[in-house]
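Below is one structure, written out as C-alpha coordinates, with a few remarks after it.
The values are calculated or read from the model by the stated rules, or taken from the named source; none is laboratory data. Bear in mind the structure is a predicted one, so any value in this text is a computation, not a measurement. With ideal geometry, Cβ positions are generated from the backbone for all residues, glycine too; neighbour counts draw on all protein chains shown. Accessible surface is based on the protein model in full, side chains and every heavy atom, while ligands, DNA and RNA are left aside. Shrake-Rupley method; radii C 1.70, N 1.55, O 1.52, S 1.80 Å.
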Amino acid sequence: MQRMGNYPPPPGVTDVLGLECLGRLVTNPAQAGTEEETLSDHRVIALLPGGGYAQYAKVHKSHCLQVPEDYEPEAAASLMEVWCTAYQILFEVAYLKQGETVLVHAAASGVGTAMIQLAK
(Lines give C-alpha, C1' and ligand atoms only; values in the text may rest on other atoms or scores of the structure.)
Protein backbone atom coordinates (compact mmCIF):
# COMPACT_ATOMS: atom_id res chain seq x y z
CA MET A 1 0.00 0.00 0.00
CA GLN A 2 2.79 2.40 0.86
CA ARG A 3 4.63 1.65 -2.39
CA MET A 4 1.46 2.31 -4.41
CA GLY A 5 1.04 5.70 -2.72
CA ASN A 6 -2.00 4.69 -0.67
CA TYR A 7 -0.26 5.12 2.69
CA PRO A 8 1.78 8.34 2.58
CA PRO A 9 4.29 9.10 5.33
CA PRO A 10 3.35 11.62 8.03
CA PRO A 11 4.48 15.22 7.50
CA GLY A 12 8.19 15.67 8.09
CA VAL A 13 9.04 11.96 7.58
CA THR A 14 11.24 10.73 4.75
CA ASP A 15 9.52 9.42 1.62
CA VAL A 16 11.78 6.33 1.66
CA LEU A 17 9.54 3.27 2.05
CA GLY A 18 9.56 0.93 5.05
CA LEU A 19 7.62 0.97 8.30
CA GLU A 20 9.73 -1.62 10.10
CA CYS A 21 13.39 -2.53 10.07
CA LEU A 22 15.95 -5.03 11.31
CA GLY A 23 19.54 -3.98 11.80
CA ARG A 24 22.28 -2.91 14.17
CA LEU A 25 22.29 0.20 16.33
CA VAL A 26 24.78 2.83 15.30
CA THR A 27 25.48 5.71 17.64
CA ASN A 28 26.35 9.28 16.81
CA PRO A 29 30.05 10.09 17.46
CA ALA A 30 28.82 12.81 19.86
CA GLN A 31 27.51 9.99 22.11
CA ALA A 32 30.99 8.59 22.80
CA GLY A 33 31.32 7.54 26.43
CA THR A 34 27.56 7.65 27.06
CA GLU A 35 24.99 4.94 27.80
CA GLU A 36 23.89 5.14 24.15
CA GLU A 37 27.39 4.11 23.02
CA THR A 38 27.10 0.88 25.04
CA LEU A 39 24.03 -0.03 22.97
CA SER A 40 25.94 0.36 19.71
CA ASP A 41 26.06 -2.73 17.48
CA HIS A 42 23.12 -4.45 19.20
CA ARG A 43 20.90 -6.25 16.71
CA VAL A 44 17.38 -4.76 16.88
CA ILE A 45 13.99 -4.58 15.22
CA ALA A 46 11.92 -1.43 15.17
CA LEU A 47 8.72 0.18 13.94
CA LEU A 48 9.09 3.62 12.43
CA PRO A 49 6.98 6.10 10.44
CA GLY A 50 9.11 5.71 7.29
CA GLY A 51 12.60 5.03 5.99
CA GLY A 52 12.87 1.38 7.03
CA TYR A 53 14.31 0.38 3.63
CA ALA A 54 17.12 2.93 3.80
CA GLN A 55 20.72 1.98 4.55
CA TYR A 56 20.35 3.87 7.85
CA ALA A 57 17.00 4.37 9.58
CA LYS A 58 16.47 6.93 12.32
CA VAL A 59 14.41 5.60 15.21
CA HIS A 60 14.21 6.39 18.93
CA LYS A 61 15.84 3.72 21.08
CA SER A 62 12.56 3.19 22.96
CA HIS A 63 11.03 1.88 19.71
CA CYS A 64 13.63 -0.88 19.38
CA LEU A 65 13.62 -4.46 20.62
CA GLN A 66 16.89 -6.35 20.83
CA VAL A 67 17.04 -9.56 18.79
CA PRO A 68 19.30 -12.50 19.73
CA GLU A 69 22.16 -13.09 17.28
CA ASP A 70 21.04 -16.64 16.51
CA TYR A 71 17.51 -15.59 15.55
CA GLU A 72 16.84 -15.89 11.81
CA PRO A 73 16.48 -12.48 10.11
CA GLU A 74 13.19 -13.45 8.43
CA ALA A 75 11.66 -14.47 11.75
CA ALA A 76 12.97 -11.39 13.53
CA ALA A 77 11.67 -9.05 10.83
CA SER A 78 8.15 -10.40 11.25
CA LEU A 79 8.02 -9.93 15.02
CA MET A 80 7.46 -6.23 15.41
CA GLU A 81 4.41 -5.60 13.26
CA VAL A 82 2.64 -8.86 14.07
CA TRP A 83 3.19 -8.97 17.82
CA CYS A 84 2.72 -5.24 18.42
CA THR A 85 -0.55 -5.35 16.47
CA ALA A 86 -1.76 -8.40 18.40
CA TYR A 87 -0.81 -6.85 21.75
CA GLN A 88 -2.43 -3.52 20.94
CA ILE A 89 -5.70 -5.11 19.80
CA LEU A 90 -5.99 -7.41 22.82
CA PHE A 91 -4.83 -5.18 25.65
CA GLU A 92 -5.18 -1.56 24.53
CA VAL A 93 -8.32 -1.80 22.38
CA ALA A 94 -10.26 -4.77 23.82
CA TYR A 95 -8.81 -4.40 27.35
CA LEU A 96 -8.51 -8.18 27.71
CA LYS A 97 -8.06 -9.26 31.34
CA GLN A 98 -6.89 -12.52 32.87
CA GLY A 99 -9.71 -15.07 33.02
CA GLU A 100 -11.65 -13.59 30.11
CA THR A 101 -12.38 -15.41 26.85
CA VAL A 102 -11.48 -14.06 23.43
CA LEU A 103 -12.65 -15.12 19.95
CA VAL A 104 -9.90 -14.69 17.35
CA HIS A 105 -11.06 -14.51 13.74
CA ALA A 106 -8.45 -15.56 11.16
CA ALA A 107 -6.53 -17.36 13.91
CA ALA A 108 -4.20 -18.98 11.36
CA SER A 109 -2.79 -15.59 10.31
CA GLY A 110 0.35 -14.09 11.81
CA VAL A 111 -1.56 -11.64 14.00
CA GLY A 112 -4.12 -14.33 14.86
CA THR A 113 -1.53 -16.84 16.08
CA ALA A 114 0.21 -14.09 18.07
CA MET A 115 -3.12 -13.15 19.67
CA ILE A 116 -3.71 -16.78 20.69
CA GLN A 117 -0.31 -16.94 22.36
CA LEU A 118 -0.78 -13.62 24.15
CA ALA A 119 -4.30 -14.52 25.30
CA LYS A 120 -3.20 -17.79 26.95
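Close Cβ contacts (under 7 Å, 6 or more residues apart or on different chains) running from residues in the range 14-26 that are within 7 Å of Gly50 (Cα to Cα) to residues that are open to solvent by 60 Å² or more (accessible area, probe 1.4 Å) and of a type in the set (D, E, K, R) comprise Leu17/Arg3.
Could you run through the range 84-101 and say how many residues are over 11 Å from Met115 (Cβ atoms) and surrounded by fewer than 13 Cβ atoms within 10 Å (Cβ to Cβ)?
Qualifying residue count for the region: 8.
Could you grab me the full set of residues in the range 17-40 that are modelled with pLDDT of 80 or more and either of a type outside the set (Lys, Arg) or surrounded by 15 or more Cβ atoms within 10 Å (Cβ to Cβ) (or both)? Of everything in the range 17-40, those that are modelled with pLDDT of 80 or more and either of a type outside the set (Lys, Arg) or surrounded by 15 or more Cβ atoms within 10 Å (Cβ to Cβ) (or both) turn out to be Leu17, Gly18, Leu19, Glu20, Cys21, Leu22, Gly23, Leu25, Val26. With Val67, Val104 as the choices, which residue is surrounded by 16 or more Cβ atoms within 10 Å (Cβ to Cβ), among the β-branched types (Val, Ile, Thr), modelled with pLDDT of 90 or more and over 18 Å from the mean Cα position of the chain (by Cα)? That would be Val104, the only listed residue that is surrounded by 16 or more Cβ atoms within 10 Å (Cβ to Cβ), among the β-branched types (Val, Ile, Thr), modelled with pLDDT of 90 or more and over 18 Å from the mean Cα position of the chain (by Cα).
Every residue in the range 109-120 that is in a helix (DSSP H, G or I) and hydroxyl-bearing (Ser, Thr, Tyr), please.
Passing the criteria: only Thr113.
Scanning the range 64-108 for residues that are in a helix (DSSP H, G or I), farther than 17 Å from Lys120 by Cβ, in contact with a helix residue (DSSP H, G or I) (Cβ under 7 Å, 6 or more places away or on another chain) and of a type in the set (Gly, Ala, Ser) turns up just one, Ser78.
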